[in-house]
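Just so it is clear, none of the values below were taken in a lab; they were calculated from the coordinates. Since the model is a prediction, treat every value here as computed from it, not as a measurement. Because the Cβ atoms are built from the backbone with ideal geometry, glycine has one as well, and the counts that use them run over all protein chains shown.
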Amino acid sequence: DDLALGLLILAHVVADFMLQGKGIAQLKDEGRTSGFFIHFLTVWLSMLVLLAPMLHLRLVLTLTGMALLHLIFDVVKCWITRRIRPSTEVMVFLADQVGHILLLLAYWLYWEPINKSIPTVRWSITSFLPLAGREWFNEAIAPIFNSDLLASAIIYVVVVYGGAIFVRKVLNISPLSPPRTDERSVNQILDTGRYIGMAERTILLTMTALNATNAAAFVLTAKSIARYQELNQKDFAEYYLAGTLISAGVALLGGVFLRYLWGVL
């Protein structure tokens, strides 16, 4: 059903954007087996954890196969990325994400009905709970997992965490670059900017979804004040402006989509 699809997509974005650190991504970019294996386990366990209340043996095997296909997608993407111009890396990143989502849609449309039509012995985490625990779970926890909540969670993860990857890849292909300063290295500047951008997108996404877009001016002003000294450098000011506009654009689009999802638009 829609809930299963939402959980699968949430597991994917959590594993790809939240739980895949810079170290794992670098290992994958270098073609290291360890990086791909760790990411495979992350994807597989994310699916198992989020779909735990509805697990059965056939679904576990299916999710294992989907995690392996996810791994194959990533191997192919890294192989292509090492052989193309940096300017096309953003398109490869977007195409890879579309491919992953299409894989999940294929499961939802074709594989799940087949699984449902075959009798199977089901087991679930809730089956290990005492009767009172199962009743509490069904009454208090299960209703929380609805399609709107899952879609909202997916948008937040994509905008806040996926947006950080997208902004970095776009800036990498631009003629702009963060200048090295006496106080901080380029990596320090990029890491600081990443976390500031994540906080910025979280606030802008929330404010846009709540139709409080006037607060965006406060966020951008506060960010500019924090970078006031560095903005005196022309190169840094251009790099900062480009990153801010891309980051804010991602957050605003996510907020508009949230409002549409909630039926406000």
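Odds and ends about this structure:
- Applying 1/(1 + (r/R0)^6) with R0 = 22 Å to the Cβ-Cβ distance of A95 and R259 gives a FRET efficiency near 0.20.
- Sites T221 and L102, calculated FRET efficiency, Cβ-Cβ separation with R0 35 Å, nearest 0.05: 0.30
- Over the range 10-91, volume per residue of the alpha carbon convex hull, in Å³: 90 Å³
- In plain terms, the chain from N211 to W79 could stretch by 43.2 nm, reckoned as 0.36 nm per residue minus the Cα-Cα distance.
- In a fully extended conformation the segment linking T192 and Y110 would gain 25.1 nm over its present Cα-Cα distance, using 0.36 nm per residue.
- Computed extension gain for L69 through A4, at 0.36 nm per residue and net of the alpha carbon distance, reaches 21.6 nm.
- Whole-Å distance, taken between Cα centres, linking the range 74-103 and the range 23-70: 18 Å
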